[in-house]
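First up is the structure itself, then whatever we jot down about it.
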Amino acid sequence: MQNNIKTIQSLRGMKDITANESELFIYFIENASKIAKNYGFSYIETPLLEETALFKRSVGESSDIVNKEMYQFIDKGQNDVCLRPEGTAGVVRHFVEKKLDRAGGTYKWYYFGPMFRYERPQKGRLREFHQFGCEVFGIENVYEDANIIMLIREILDFFEIGFTLKLNSLGCSDCMPKYKENLVKNISNFKEKLCEDCNKRLVTNPIRVLDCKVEACQNLLKDSPKITDSLCNSCYSDFTKLKEILDFNGISYEVDSNLVRGLDYYNKTAFEFVSNEIGSQSAIAGGGRYDRLVEFLGGKSTAGIGFAIGIERLLELVKMKKQKDDFVYIGVLDEISLNKAFLIANKKRKTTKTYLEYTPRGFGKHFGIAQKLGCNIVALIGENELNSNTIYTKNLETKEEKNINTGDF
Ligand code: HAM
């Protein structure tokens with residue numbers, strides 16, 4: 001009978017991870033986690049919902065994320081809350097809340113989960129998407145910047161994903177303000193010709209004009225001063241050292257002095273891994289140093305660095321490198337064989353994914369069901385097999401058929 005009740009769709013820009021996609025998703029999480037653990041990271045989970053002020057103070061009021069893209073609302077207790085648009089802020093909030101800034105020492109944590117940004121959905125850009133991220137606290141040494149980049153490279157290599165690494169240094173509280181002043185002065189000659197957004201950015205955070213996507217702005221800004229030419233001694237020497245370490249380890253990169261990142265908390269190293277195979281939303285991972293962020297959130301000054309990979313974008317590129325696991329189908333040709341088949345199936349499940357069909361059928365029907373289920377091995381038992389204590393098997397990929405002793409199955 002037809003039902004007139006309107007069906008409900010998922011929200012725009014939000015999608016289910018279907019039963020077909022989930023295997024790849026879990027495969028990614030498992031292997032990325034394993035690599036992160038080898039690099040000394042432990043798993044951490046923070047809430048999806050946080051106080052809105054957390055993101056205003058970290059991601060920054062001048063960012064598009066805070067300005068336009070927050071899933072923000074007042075909850076029933078009149079608290080101004082927000083679905084997390086990214087993972088770093090919550091992790092830093094946790095670090096400060098647990099007073100680890102006062103305890104000192106180093107901390108390395110990884111996380112994964114959904115993030116929410118009210119963006120205009122398109123290929124590779126969702127309103128709910130998933131990130132896999134890592135954050136490090138308490139290490140100022142630039143070798144750690146290189147280590148983080150190596151870790152991402154290791155994950156991308158594992159999944160055989162090609163990439164271009166874009167690298168920049170955003171300076172520090174010493175050299176960045178001077179650079180900004182210089183940039184604004186330089187732009188003042190032609191600022192009327194820049195787009196409306198750029199004119200707003202000039203007031204809120206001038207370096208944001210550098211990654212404006214409007215072509216006319218890009219042309220006008222071509223000859224404007226570069227941060228990489230304005231670094232103080234300490235930032236310059238760290239940036240030079242970082243490039244040296246990457247060279248030494250065979251990691252190629254492009255210095256992109258317009259790479260400012262979409263979040264306000266970065267200083268010194270900033271980077272993005274991009275792919276030219278997934279269309280315009282080409283950034284598969286991004287991150288950098290955020291040595292002032294712990295202070296911005298009320299903690300004691302502590303160095304920080306991290307990154308996040310966009311899982312949906314990455315999975316577009318992951319070819320199932322993993323060998324497919326066996327999936328065994330067990331069926332019976334007659335009712336009396338079911339007891340034995342039931343026993344064998346339960347034994348087989350200890351090592352292998354196994355499906356048992358309870359209804360007795362002929363060979364052809366069993367093969368049909370097995371194929372639909374995606375099984376690659378079919379094992380059937382009938383009266384003959386019962387009497388000889390064997391089981392008939394067919395590998396649906398190689399087409400090889402054999403009767404084997406049940407003990408060897
Ligand atoms: P982000 O560059 O904003 O950095 O995001 C990291 C990655 O998440 C991007 O490179 C992209 O692959 C993915 N991503 C971002 N927005 C979307 C979207 N709307 N749809 C699909 N994928 C998306 C951060 O979030 C920082 N918290 C990274 C970080 C960690 N920096 C230091 N620690």
*asked:* Could you work out how much longer the chain between Asp223 and Glu400 gets when fully extended? Use 0.36 nm per residue separation minus the Cα distance between them, nm to one decimal.
replied: 57.0 nm
*So what is the 222 nm mean residue ellipticity for the chain from helices alone, if each DSSP H run of at least 4 adds -39500 (n - 2.57) and you divide by all residues, rounding to the nearest 500 deg cm²/dmol?*
-10500 deg cm²/dmol
*asked:* For the pair Asp16/Cys232, report the inter-label distance in nm, with labels modelled 7 Å from Cα in the Cβ direction.
replied: 5.5
_Can you compute the FRET efficiency between Ser280 and Tyr43 using 1/(1 + (r/R0)^6), with r the Cβ-Cβ distance and R0 = 30 Å? Round to the nearest 0.05._
0.40
*Quick one: of the DSSP bridges fully inside region 250-409, what percent are antiparallel, nearest 5?*
70
*asked:* Using a 7 Å offset from the Cα along the Cα-to-Cβ direction at both Ser173 and Phe190, what is the distance between the two label points in nm, to one decimal?
replied: 3.5
*Normalise the Cα radius of gyration of the chain by 2.2 N^0.38 Å (N = residues in it) and let me know the number.*
1.27
*Listed residue pairs exceeding 29 Å between alpha carbons, taken from Lys37/Lys123; Lys15/Lys268; Lys15/Lys348; Lys56/Lys268; Lys56/Lys213; Lys108/Lys347*: Lys37/Lys123; Lys15/Lys268; Lys15/Lys348; Lys108/Lys347
_Just to verify a number: FRET efficiency for Asp197 and Asp325, C-beta to C-beta distance, R0 = 56 Å, to 0.05?_
0.65
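No lab work stands behind these numbers, since they all come straight from the coordinates. The shown structure was predicted, so the numbers you read here are calculated from the model rather than taken from an experiment. FYI the Cβ positions are ideal-geometry reconstructions off the backbone, even for glycines, and counts take in every protein chain you see.
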